[in-house]
Amino acid sequence: MSAVLKRIEETREALVDALAKRDWEAVGQLDQACRVCMEEVVSAAPEDEEALRDNLKDLLGVYRQLIDVATEERQAIADEMSKINQAQAATKVYHLFR
């Protein structure tokens, strides 16, 4: 296995671990590492196209999971902010009629 393919696989595995831990800082750093790997893949002729295709397919699956989880997290935060805003509005009304 070429060095680039090995790095893609290692980075993918690390992304899966970071996602499981919801370690968004690590996800950001690993995303940057993936970008560097992709630049290397694009600039060099692949030795084993099938292995590269399989690795990239697996990596794409991880990114799909990341998008799904990030979307869920964002929605959870939006819901929580909405509840906070409603509570603040209720507090203001309470203080008006006290």
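Among all residues of segment 33-48, there is at least one that is farther than 25 Å from Ala70 by Cα, of a type outside the set (A, V, I, L, M, F, W, C), over 12 Å from the mean Cα position of the chain (by Cα) and surrounded by fewer than 11 Cβ atoms within 10 Å (Cβ to Cβ). Can you tell me which residue is farthest from Arg12 (Cα to Cα) among those in segment 35-79 that are at pLDDT 90 or above and β-branched (Val, Ile, Thr)? Of everything passing the filter in segment 35-79, Ile77 is farthest from Arg12 (Cα to Cα). Against the conditions (1) at pLDDT 95 or above; (2) loosely packed, with under 12 Cβ neighbours inside 10 Å, Arg98 satisfies every one except (1).
Does segment 55-98 hold any residues that are closer than 19 Å to Arg22 by Cβ and either more than 17 Å from the chain's Cα centre (by Cα) or of a type in the set (S, T, N, Q) (or both), and which are they? Of everything in segment 55-98, those that are closer than 19 Å to Arg22 by Cβ and either more than 17 Å from the chain's Cα centre (by Cα) or of a type in the set (S, T, N, Q) (or both) turn out to be Gln65, Thr71, Gln75, Ala78, Asp79, Glu80, Met81.
The values are calculated or read from the model by the stated rules, or taken from the named source; none is laboratory data. In this text the structure is predicted, and so the values were computed from the model without any measurement. Cβ atoms come from the backbone with ideal geometry, glycine included; neighbour counts cover every protein chain shown.
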